[in-house]
Amino acid sequence: MRQRTSDRVYEELAAAILELRIEPGASLSETDLAEQLQVSRTPLREAIARLVDGGLVSVLPQVGTRVEPIRLHDVEQARFVRESLELAAFAAACDKPERDVTGLRALLAEQERCQQAHDLDGFFAADEALHRQIFEMSGYPGAWQVMQPMKMHLDRFRRLSLPDPQTVRDLVDEHTAIVDALESGDAATGHEHISRHARRVLEDAAVFQARHPGYFAD
């Protein structure tokens, strides 16, 4: 089935915003975007409307279109939803009589490779794939999809921490502990690791705000 132009434009703009290639607070020119993406104004405006609905972009009279700053309240809301759903998914996956973690081990190896190569985009993609696969193993892949719109606020914040080599190393170690617990069916230990993993994102909030003051609204 052919992808709609507005869907493609939305995905490209959302990815650029989440990866901070379009920075928080940046102004968006419809003329420039239409030329860059080689689309007409109609699908572009449809895509922007979706970004507005998701809280990533605002359109203000006499001001124009801009990328919304990061708000820690939105980040915390997304963190709460993600942690809650992931704990439930992990428990459901542990209840499965067979838990093949081969794919998860491959993603851990990919994260190690990306860490060594300083490939932050590749690391983030492997990180996302690992968590998504846990939802798939649980039998509730739809839960992963449901939380994506809210998780966008969290993902922008997560990207700020990735340039730090120690943070990336810690994330790989935490992912490994989660996969080990899943393989052994140890839900209690896995829950501890998942909660710690999910909450680490806000531990250095003050540092990121000081480092990127223009990115935040609160």
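Worth pointing out:
- Helices (runs of 4 or more DSSP H) enclosed by the range 129-218 - at least 1 residues per element that are over 26 Å from residue 113 (Cβ atoms) and aliphatic (A, V, I, L, M): 141-146, 148-161, 187-199, 205-211
- Test for residue 84: is it open to solvent by 40 Å² or more (accessible area, probe 1.4 Å), of a type in the set (Ser, Thr, Tyr) and without any contact (Cβ under 8 Å) to a residue 24 or more places away in the chain: yes
- Complete set of residues in the range 186-198 that are open to solvent by 30 Å² or more (accessible area, probe 1.4 Å) and under 24 Å from residue 98 (Cα atoms): 186, 187, 188, 189, 191, 192, 193
- Qualifying residue in the range 157-171 (condition: of a type in the set (Phe, Trp, Tyr) and under 25 Å from residue 88 (Cβ atoms)): yes
Quick grid of which residues meet (1) in contact (Cβ under 8 Å) with a residue 24 or more places away in the chain; (2) closer than 19 Å to residue 200 by Cα; (3) open to solvent by less than 30 Å² (accessible area, probe 1.4 Å); (4) polar (S, T, N, Q):
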residue	(1), (2), (3), (4)
98	no, no, no, no
112	yes, no, no, no
116	no, no, no, yes
128	no, yes, yes, no
137	yes, no, no, no
148	no, no, no, yes
160	yes, yes, yes, no
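- Subset of the range 51-69 that is modelled with pLDDT of 90 or more and assigned to a loop (DSSP other than H, G, I, E, B) - its residue that is surrounded by the most Cβ atoms within 10 Å (Cβ to Cβ): 56
- Among the residues of the range 17-32, those that are assigned to a helix (DSSP H, G or I) and in contact with a strand residue (DSSP E or B) (Cβ under 9 Å, 6 or more places away or on another chain) comprise 17, 30.
- The single residue among 9, 75, 39 that is surrounded by 15 or more Cβ atoms within 10 Å (Cβ to Cβ), aliphatic (A, V, I, L, M) and not in a helix (DSSP H, G or I) turns out to be 39.
The values are calculated or read from the model by the stated rules, or taken from the named source; none is laboratory data. Fair warning: this is a prediction, and the values are worked out from it, not measured in the lab. Every residue, glycine among them, receives a Cβ derived from its backbone with ideal geometry; neighbour counts consider all protein chains shown. What goes into the accessible areas is simple: the full protein's heavy atoms, side chains included, and nothing from ligands, DNA or RNA. Shrake-Rupley method; radii C 1.70, N 1.55, O 1.52, S 1.80 Å.
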